Structures are given as structure tokens and as C-alpha cells.
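Comments concern the structure below.
The values are calculated or read from the model by the stated rules, or taken from the named source; none is laboratory data. Source: prediction; values computed, not measured. For neighbour counting, all protein chains shown are included, and Cβ atoms are generated from backbone atoms with ideal geometry for every residue, glycine included. Each accessible area value is taken on the protein alone, full model and side chains, heavy atoms only, with ligands, DNA and RNA left out. Shrake-Rupley method; radii C 1.70, N 1.55, O 1.52, S 1.80 Å.
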Amino acid sequence: MAAPQDPQSGMNRPNLSFTTVAVIGSGTMGRGIAQAAALAGYQVTLCDIARDLLTAALEQISVSIDDGVRRGKTSEAVAADAKAAFTLTTSLAEAAQAGLVIEAAPETLDLKQSIFRQLDAAAPSATIFASNTSSLSINALAGATQRGDCFLGLHFFNPAHLMKLVEVISGDDTSDATLAAAEAFVASLGKTSVRCKDTPAFIVNRVARPFYGEAFRLLGEDAADVETIDRLVESLGFRMGPFRLIDLIGCDINFAVTQSVYDAYFGEPRYRPHPIQQRMVQSGRLGRKTGVGFYRYEEK
Amino acid sequence: MNVVIIGDTPFLEEIAGLCVRAGHVVRALTVDTILGDWSDLEYATDLLNADVVIEACHRSRRTRRQMVSFVETVYPPDTLLLVSALTASTTAIASSTSAPQRIVGYGLLPPLADTGMVELAAGLNSGKDALQQAAAFWRTVGYEAAVVADGPGLVRGRLIACIINEAAGALQDRVASAADIDTAMQLGTNYPHGPLAWADHLGLDVVLAIMTGLYEEWGEDRYRPAPLLRRMVLAGRLGKKTHHGFFRWKEITEKGDSP
């Protein structure tokens, strides 16, 4: 538990060489991050509140790894090693012994702060803590620990084992060494990192707001119908127009993200949700998962 | 068909390219040519044979009025005139003319390569025939016409300009570097171009004009142009055409990742 101190600054020096990664939370994001780390050769400690959640998660990860083998993305040998790389635990103190701890718990400030407080008490002081939060402040989470210099955001995108981007978010106290170590970790996963300041919605979720917001406005004005708007946007090279994409994401998720960004900026008019979003959610037309959203989908 | 195009880069070249590829006889005139003394244009006889005139000028209202007035002076009142509705509504552009029925708004957003769709909008005084003629013309170019409501930016220009404006706002707040913002949008959400490189291609002056047009039309804060965007235009950093916008363009072109 002895903290290696930087003799010059007295700050904690981050652990630059680690082979173990702990992922806290075995939901969609946690599983994707854990899978990416295991495939990159890390020993992965997956932590959640119940044993059955963990075994189910590992089963899903195995299926996903096998899928990668079938599609020729992963070799048999790498897949076998990755599947053998997991340790499952319900103990945050055990997870805290990894070289890098990535939290991917539900997006609740109190819950995340409580997790980080417990991790902070158990982990060596130079262990880097990262949060995969998409909507909470990195500074707010770092504030629950005594290691602001070794704390940052690593925002992965869903599905995390496939998407190449990671937003590396620095808090006010994050050290350059911590950023460099995190970027080296992201590169070791075969992913690309971008540096981002701790501001609501970071880069992607912020800059993408008008893609949805203006599409809703245009639809609300009856400037064009759903399909025309989608086809026009797709003609520019977007893989999916806004409404096809929202149906894939889920109207409920899209509405929740919109509200969260709007609230985080205290009602900035650019981010204001549109009544159509609320109406879609209230009427149960959530998109592909309910069979109807802006389009109708065949039953599975 | 004989097509006359009056506009600024990159719209002028890209639209002319489409029309040439379709086998039309194309006359491309820069806005500056029309702003100068055009009474003695040496190819005036060619110019007079126009089946359609396409205006692609995104400058001030006064300049656009001059473009429309040139067309009014030179062409008979039944010549189809397509005006770019990116920065102002069709109705607004047609308001200075005595023959608004032959004017139809269109929306194209470079880079045009293979986009295959044009937006068309009728102003309040546009004629029904003109709208049909316009759709027929774009079909000859291989472009499908989608008729949408009139208003600055139409669908694509409005959506993309607002995304660029948000990206400029994020850059202004120093959330991330220009290169990282573009990388994030391309890798994190599969955008075909980084929004800031896209702005450099369109011209920051054009993006600013779309935002200003939206802001004036709706009077809503959500369309307020990012101060950084305005400052860059004032500083002459217009993008590719001045080799300096959000990026420096010789380098970026050489890297081969330009839009």
C-alpha cells in the first residue's frame, strides 16, 4: 500500500506498467471493455454485486469472443487466452488490486462515488482509476477519492469491443503521466484516443446533439417526412439518417441522453428536447426493440 | 441543355462538374464577375442561351440581390432560376424580383460526389411549373429531387451547419483540439467527414451565413453563431479557399484525409 511518491512534486506517480485491469460493472459497457482488454492480453478482474450476474456476463463475453473467431477477427489461440484471462469477483477490495481500475457502473453519481470511495480505500495510491461515465463530471467522481492526479475518464462507445474511439477525459487534477498511461492503454487495445476536457457530454455526445435536435425540429415543422430526412442525410455519407439511428439506439435512450445534456448545461436552448421525443417514449414506440418507432420492424 | 451557373467556390466548380458530366453546355461565372462590369462579357451570346440559371452565391443579401438582378436583366422572365436556399429562404431571395414565379430554391451541400439528391423548395411566390421544371432538370443530372419546406439551410444545410457550429463552440471552449473533435465524430459516431474539416471545405463564411440566416429567420438562441466562427471569418480564415480554416490546408490535403 506504500505510495510511490514523486520526490519533486510529492504527487502520486501512476503505475505505468500493468498487466491486470479491473472492470467494475458487468453491464453492456463493462462487458465490452472487459472483452477488449482480455483480447489485448490483459488479465481482467470483472466485478459486480452478484455472482450470477458475473457468470452470465462471462458467458456473454465468451459468445461474443467466439463470434469474433467465426468472423475471422480473432484467432483461436487469442480467443482461448482471452477466455482464460478472467477473474470474477464481488469484492471491490479485490478488484482494487488491479493495475488499472475502470468503472462502468450505472450512471448515478451517488453509486459511482460510493464505488470509488471503497476502491480508493483498498487500492495502492498510484493505481489509476478511470470512469466510463458518459454523463457525469470526472471531477465530481474524482472528488470521492484522494487520487485526483491518478483519476480520469475513459469513455468507450457501444459496442465497446468494436468501436475504435475512446474519449480520454482529464479532470482538473489529472496528471500528464496519468493521461499518457491511459493513452498507452487505449492504444494497446488497438483503439484511438482523443483528449477531452471535463465538460458535460464531452465531445461526441455534445457535437452530435444537433444531428437529432434539428431532425426533430424539421419533422415537427413538417419540413419533410421521416424517410425523406433520413435519405437526405444518408446521401451525405452518414450510414444512418437520424430517425433510423434513433430507432436503433432506442427513443427512450435518445430522449434520456437529450434531457441529461440539457440539464447538465442548465437549460441551454440548443440542447432542448423536442415534444416528439417525449411523445414517442410515452406511446411506447421505442424503436427496433419494441418493433415500432419511426419505422415499423418485422417481428423477430 | 444550356446551363449558366453563377457562384463561389466550391459550389460553382462542384455543380458545374455535375452538369458537365451530364452532358450539358455549362457556363460558370464567379460572383465577382457579376459584381464587376458585366455589360461587356465577351461570351454574352453564349450566356443568353440559358435553359436554366443556377445561382450558388452565399454572400450578403445585397450581393444576392445583385445576382438576381443580373439574371432579370439578361434573361427572359420565363427562364428557370434556381437559387441556393442554404443561407436564406427562397421567398426572401425572390423578394427583390419582379418575376418570382420562375424562381425555385435548391439545397446542395458539398462535397457533392455521389450524393445523388437535391433538395427543392418553393417560395411563397414560386410557380408550380417551375418546381416541376426544376425537378426535371436535376433528373437530367442524375439527381433525385426531394421537395422540402422552404427555409434557410433546408434540411441538410441546417443540420450540418448546426453540427459544425456546435463543434466550433466545443473548440472555442477548449474541450478538445480541432483534430480530436473531428476524429471523435468520425470514429465515435461514424460521421462521413469531421465537422471542422467539412466547414473548411464548405467555407467558414458559408457556414456562418447559414447560421446567421437561421438565427434571423427563427430568432432563437439555438441558432446563434459560435463567436469563434465569426472571428475566424473576420480574420480571413475561411477554410480551404484561403488555405487556412480550422486546419491548415496544404498539410491536410497531403495527409489525404480531407473531405
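Results, tabulated for the structure shown:
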{"item": "Helices (runs of 4 or more DSSP H) completely within region A:33-107 that count 3 or more residues being within 21 Å of the chain's Cα centre (by Cα)", "result": "A:51-70"}
{"item": "Residue list for region B:136-172, filter: within 14 Å of chain A (Cβ to nearest Cβ), surrounded by fewer than 18 Cβ atoms within 10 Å (Cβ to Cβ), of a type in the set (G, A, S) and within 23 Å of B:L18 (Cα to Cα)", "result": "B:G142"}
{"item": "Lone qualifier among B:S89, B:S84 - being away from every other protein chain (no Cβ under 14 Å), modelled with pLDDT of 95 or more and within 30 Å of B:F246 (Cβ to Cβ)", "result": "B:S84"}
{"item": "Any hit, region B:92-108, residues being open to solvent by less than 10 Å² (accessible area, probe 1.4 Å), more than 19 Å from B:R59 (Cα to Cα) and either at the interface with chain A (Cβ under 10 Å from one of its Cβ atoms) or among the β-branched types (V, I, T) (or both)", "result": "no"}
{"item": "Residues of region A:182-229 satisfying the condition of being free of Cβ contacts under 8 Å to residues at least 40 places away in the same chain, open to solvent by less than 40 Å² (accessible area, probe 1.4 Å) and more than 9 Å from chain B (Cβ to nearest Cβ)", "result": "A:V186"}
{"item": "Residue within region A:265-274 that is of a type in the set (K, R) and either away from chain B (no Cβ under 14 Å) or free of Cβ contacts under 8 Å to residues at least 40 places away in the same chain (or both) present", "result": "no"}
{"item": "Residue check, B:I210 closer than 24 Å to B:A56 by Cα, within 14 Å of another protein chain (Cβ to nearest Cβ) and out of contact with any His (no Cβ under 6 Å at 6 or more places or on another chain)", "result": "yes"}
{"item": "Residue list for region A:156-167, restricted to those being open to solvent by 10 Å² or more (accessible area, probe 1.4 Å) and either in a strand (DSSP E or B) or aromatic (F, W, Y) (or both)", "result": "A:F157"}
{"item": "Selection within region A:57-84 - in contact (Cβ under 8 Å) with a residue 24 or more places away in the chain and under 23 Å from A:V101 (Cβ atoms)", "result": "A:A57, A:L58, A:Q60, A:I61, A:S64, A:I65, A:D81, A:A82, A:K83"}
{"item": "A:L152 vs. criteria part of a strand (DSSP E or B) and either touching a residue at least 40 places away in the same chain (Cβ under 8 Å) or open to solvent by less than 10 Å² (accessible area, probe 1.4 Å) (or both)", "result": "yes"}
{"item": "Some residue of region B:212-220 being of a type in the set (S, T, Y), assigned to a helix (DSSP H, G or I) and touching a residue at least 12 places away in the same chain (Cβ under 8 Å)", "result": "yes"}
{"item": "Matching residues, region B:3-23, being more than 16 Å from B:H58 (Cβ to Cβ) and surrounded by fewer than 19 Cβ atoms within 10 Å (Cβ to Cβ)", "result": "B:G17, B:V20, B:R21, B:A22, B:G23"}
{"item": "Residue list for region A:112-146, filter: more than 26 Å from A:F266 (Cβ to Cβ), in contact (Cβ under 8 Å) with a residue 40 or more places away in the chain and outside any strand (DSSP E or B)", "result": "A:I115, A:L119, A:P124, A:S125, A:A126, A:T127"}
{"item": "Selection from region A:118-138 of residues that are away from every other protein chain (no Cβ under 14 Å) and either under 17 Å from the mean Cα position of the chain (by Cα) or surrounded by 22 or more Cβ atoms within 10 Å (Cβ to Cβ) (or both)", "result": "A:L119, A:A123, A:A126, A:T127, A:I128, A:F129, A:A130, A:S131, A:T133, A:S135, A:L136"}
{"item": "Test: residue in region A:232-255 that is crowded, with 20+ Cβ neighbours inside 10 Å, facing chain B (nearest Cβ under 8 Å), on the phi < 0 side of the Ramachandran plot and touching a strand residue (DSSP E or B) at 6+ places or on another chain (Cβ under 7 Å)", "result": "yes"}
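Listed here are the residues, each with its yes/no results for (1) more than 24 Å from the chain's Cα centre (by Cα); (2) modelled with pLDDT under 95; (3) at the interface with chain A (Cβ under 7 Å from one of its Cβ atoms).
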{"position": "B:A176", "(1), (2), (3)": "yes, no, yes"}
{"position": "B:L187", "(1), (2), (3)": "yes, no, yes"}
{"position": "B:A197", "(1), (2), (3)": "no, no, no"}
{"position": "B:L202", "(1), (2), (3)": "no, no, no"}
{"position": "B:D221", "(1), (2), (3)": "no, no, yes"}
{"position": "B:P227", "(1), (2), (3)": "no, no, no"}
